[in-house]
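Some notes on the structure that comes next.
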Ligand SMILES: NC(=O)c1ccc[n+]([C@@H]2O[C@H](COP(=O)([O-])OP(=O)(O)OC[C@H]3O[C@@H](n4cnc5c(N)ncnc54)[C@H](O)[C@@H]3O)[C@@H](O)[C@H]2O)c1
């Protein structure tokens, strides 16, 4: 079978450190050809094309789509920079891999999802946590349990590194930018979320690193469609704590407590699965699954296609909207249909001034 022709839009952090290394064995085996890279930075293009061996480079995705015959495209852009990349790919029947969060604008994401469905193309949103072997182990355990309660802990650790991931209006805050992975993972375990109610501790002017204007703490309650109740708690204040932090999920079922982390699963205090997990291994498994689905033209093979992933996006954008309304309970159906929305400028009244 001929190599799958793949294009990349956005040659930043996640492409370089996760997706391109994840695809590398497939490129080596001749299953994938890196046909084209596109980035507005000439320097990034030159460096990454040399490092990964892309056949052609472009600074404008329109030109790339016009000139190249692609089977699949990775769209790895900050969430406010999505314009017509998905639309053009769908028009041309090109499969799309889109990094999370696919947009900060719910209506835009719903429209892109409609286009993906109409075109019938394979799609995947970058929720790689569904590909950790530990996640599969939890799914196996849950098949024989009755879950009642879930808790997500994400105490984010590290200095702010990029402008856009430090700004509420640019990334939606840490809950949207980071915790969305864990929210999507518990959806993988437990199904869709119906309602949200959230409280945030807003950062005040002068607190924390200067570039950050995001809340310090996010405390979010969920009610799942199944009736399971959940709590997701996130903070973004451990900026200089020698790597101290936390990222795990606890599921309480009838007579069983399951604890998930990347490399370990515990069932009633007994370790039932453990692996020295390479942090990036899930990306390779996800890449393999995506290319297999593209070759087979089988949309059902992906764990997080565009349309079904919208409930995860609504769950985090809905948390923002609820916190901005002092914890008001919101239905995710109303968030997804944009009857209620978050306000990217809300932080202006709290932290550093928001850019116009
Ligand atoms: N799955 C994960 O664990 C994970 C981790 C990090 C980032 N992400 C997500 O990946 C996406 C990209 O994040 P990143 O960290 O790579 O960002 P980044 O800022 O490191 O890189 C973005 C790249 O896009 C380029 N770019 C900007 N506008 C462009 C345009 N119009 N056309 C082509 N290129 C353009 C920039 O020059 C830059 O090279 C975000 O949605 C982010 O949330 C996911």
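Can you pull a Stokes-Einstein diffusion coefficient for the range 174-317 at 37 °C (0.692 mPa s), Rh from Kirkwood over Cα pairs, as a whole number of µm²/s? The partial results should precede the final answer.
Values: Rh = 17.6 Å.
Taking Rh from Cα pairs, D becomes 187 µm²/s.
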How far, in nm, would the chain grow between residue 301 and residue 142 when pulled straight, counting 0.36 nm per residue and subtracting the alpha carbon separation?
55.1 nm
What are the extents of the Cα atoms of the range 127-244 along their three principal axes, listed from largest to smallest and rounded to whole Å?
50, 29, 22
Give me the base-10 log of I(q)/I(0) for the range 1-78 at each q in 0.12, 0.17, 0.20, 0.27 Å⁻¹, Debye formula, one uniform scatterer per Cα, rounded to two decimals.
-0.27, -0.56, -0.79, -1.45
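Tell me the mean residue ellipticity at 222 nm calculated for the chain from its helices only (DSSP H runs of n ≥ 4, each -39500 (n - 2.57), averaged over every residue, nearest 500). Don't jump to the answer; show the numbers that get you there.
Details: 11 runs with 110 residues, N = 356.
Calculated from helices alone, the mean residue ellipticity at 222 nm is -9000 deg cm²/dmol.
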Extension gain residue 60-residue 201, at 0.36 nm per residue separation less the Cα-Cα distance, in nm?
46.8 nm
What does the extension gain come out to for residue 149 and residue 252, with contour length at 0.36 nm per residue minus their alpha carbon separation?
36.6 nm
What are the extents of the Cα atoms of the range 254-299 along their three principal axes, in Å, largest first?
42, 27, 11
How far is it, in nm, from the label point at residue 29 to the one at residue 17 when both lie 7 Å from their Cα along the line to the Cβ?
2.7
Binned Cα-Cα distances of the chain, short to long, each 20 Å bin given as a whole percent:
29, 60, 11
Report the Cα centroid-to-centroid distance between the range 39-63 and the range 100-137 in angstrom, as an integer.
25
Two pseudo-spin positions, 7 Å from Cα along C-beta at residue 107 and at residue 268, lie apart in nanometres by 5.2
Bins of 5 Å from zero: percent of alpha-carbon pairs in the range 26-150
2, 9, 16, 18, 17, 14, 11, 6, 4, 3, 1
Convex hull (Cα only) mean projected area of the range 102-160, reported in nm² to one decimal
7.3
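What FRET efficiency comes out for residue 84 versus residue 163 if R0 is 30 angstrom and r is the Cβ-Cβ distance? Round to the nearest 0.05. Could the numbers behind the result be given before it?
On the way: r = 24 Å, r/R0 = 0.81.
Computed FRET efficiency for residue 84 and residue 163: 0.80.
Just so you know, all these numbers are worked out from the coordinates, no wet-lab data involved. In this text, all values refer to a predicted model and were calculated from it rather than measured experimentally. When we count neighbours, we look across all protein chains shown, and the Cβ atoms used for this are built from the backbone with ideal geometry, even at glycine.
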